[in-house]
Structures are given as C-alpha cells and as structure tokens.
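Read the figures in this text as sums done on the coordinates, not as results from a lab. Model, not experiment: these values are computed from the prediction. Ideal geometry is used to build each Cβ from the backbone, glycine not excepted, and the neighbour counts take in all protein chains shown.
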Amino acid sequence: MQKTTLKIIIHLYIMKKIKYILFVLLILILAGCSSTNEITIVPRKAWNAVNPKPYNSQIPVRITIHHEGEYFNPDSNAAKFIKKVQVWGMSKARNWSDIPYHFLIGLDGTIYEGRNVFTEGETATEYNPDGHLLISCIGNFEVQEVPKAQLNSLIKLIAYCCKKYQISPDSIASHRDYSNMTVCPGKNLYKYVKNNYIKDQVKKLLN
C-alpha cells in the first residue's frame, strides 16, 4: 500500500514538472516569433563585438537602408563577417567609434544588433547620418539578388523600429537618396525602395 502511494506521488510530481517545462517552452517559442511588437535580434556578444569608442548621441527620426557592398556567399559565417566590418571600421582605415550600422541582416533573414540606436551612425560618403537609423543588408545587391527571407526581415525590422522609436514610415529611404557618391544599397535592393514596396509593406504591419 505504501509503495503504491509513493508511486502515485512520484507520478504526480513528474507530471507537474513536465507541464511546467512545456509551459516554459511555449513561452520561449512565442517570445521568438517575429511580429511588429517583437522580433528576434542576435545580440552584439554573439558576434564578439568590442566596446565602442566615444561617440555622438542622436535621436533617430528616419530609417536609411544600406547594403554592405561586399559579395556574400550564403554559406559564409555572417557573425564573423560582421566582426570583420567592426574591426575594419574601428581601425586606422576609418577610425570610426563602432560598426557603422545600427542593425545588420544576413541573407537568411537573421537580424544582428549593431551599434546603439541612440548613437550617430557613420559613413564613408558625404551625407550627415545624424538622426538616421541605419540598417545594412549583408551582400552586394548590385550583383546579388535580395533573398526573400532577407527582404521580409528588413520589412519587419523597419516596422519594429518605426513603432518602438516613433519613426514615420514615410521617412524610409536609402543611402543613395542622400549621397551622390554611391549606388548603395544596390539596384536589386533599391528597386524595393524606389517603388515603395518596402514602405507599403511596413505600413501594412503597422496598421
């Protein structure tokens, strides 16, 4: 009789633990879902970022789309590439305070945290990036097509940033819209800016 009671108690305890674990897993799954309210962003520590140098502060008031400008193989490691961009940008080659962009997006749609949104971005061209929230899509879209996953993540990220930082979607533009020195973000990405596809999709998510 005592053994039967003990088995029942153990069984109930195990079932309670299983329910708790399933509940936690459900919360984690829901937290990882992409939406206007919440998206998954890979933190700086995941790509081994170093601390920034002193920087200029800003309040973001517009969204500006870039491409990284270097052909990127889908099989390459995006995190290592982003680290390389930071090292180059902070070296004597540019002497920037950090990686120049606030967010970067891989070909597979993975979103990576760049510099602090409230710090002014940096550029090798003549426009003043103060107030610009800079998003860079990894790849060279003068020669590469934009993968659907990357484009979709760009739209979701912009919608998220517009809502979180109170930025008008009508401010969405690209690097080449502010500079005569570049074709960035490349013709294959710029076409979605020029025909208002990105802006229209962002507005649908915000409504």
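Dipole check for region 44-206: with +1 at the C-beta of Lys and Arg, -1 at the C-beta of Asp and Glu, and the Cα centre as origin, the magnitude is about 340 Debye.
Each peptide in 182-195, 115-128, 97-110 gets a packing score, the mean of other Cβ atoms within 10 Å over its residues, and the list from highest to lowest is 97-110, 182-195, 115-128.
Anisotropy class assigned to region 44-206 is rounded, per the alpha carbon gyration tensor with a/c under the 1.5 cut-off. Around the amide H of Gln58, modelled in the peptide plane, lie the amide H atoms of Thr119, Glu120, all under 5 Å away and 5 or more residues distant in sequence or on another chain. Each of Leu205, Ile105, Asn48 was scored by the projection of its Cα onto the charge dipole of region 44-206, and the greatest displacement toward the positive side belongs to Leu205; charges sit on the C-beta of Lys, Arg, Asp and Glu. Within the shell defined by Cβ-Cβ distances under 15 Å, the residues around Lys191 carry a net charge of +1, with Lys and Arg each +1 and Asp and Glu each -1. Could you compute the net charge surrounding Gln144? Neighbours are other residues with a C-beta less than 15 Å from the C-beta of Gln144; K and R count +1, D and E count -1. Net local charge, Gln144 excluded: -3. For region 120-136, the residues whose backbone nitrogen is under 15 Å from a point 7 Å from the Cα of Asn95, taken along Cα to Cβ, are 123-124. The label-point distance for Val50 and Asn207, in a model that sets each label 7 Å from Cα toward Cβ, rounds to 4.8 nm.
Compared with the alpha-carbon gap, the fully stretched path from Asp130 to Glu70 is longer by 19.1 nm at 0.36 nm per residue. Other residues whose C-beta falls under 9 angstrom from the C-beta of Gly131 contribute a net charge of -1, scoring Lys and Arg +1 and Asp and Glu -1.
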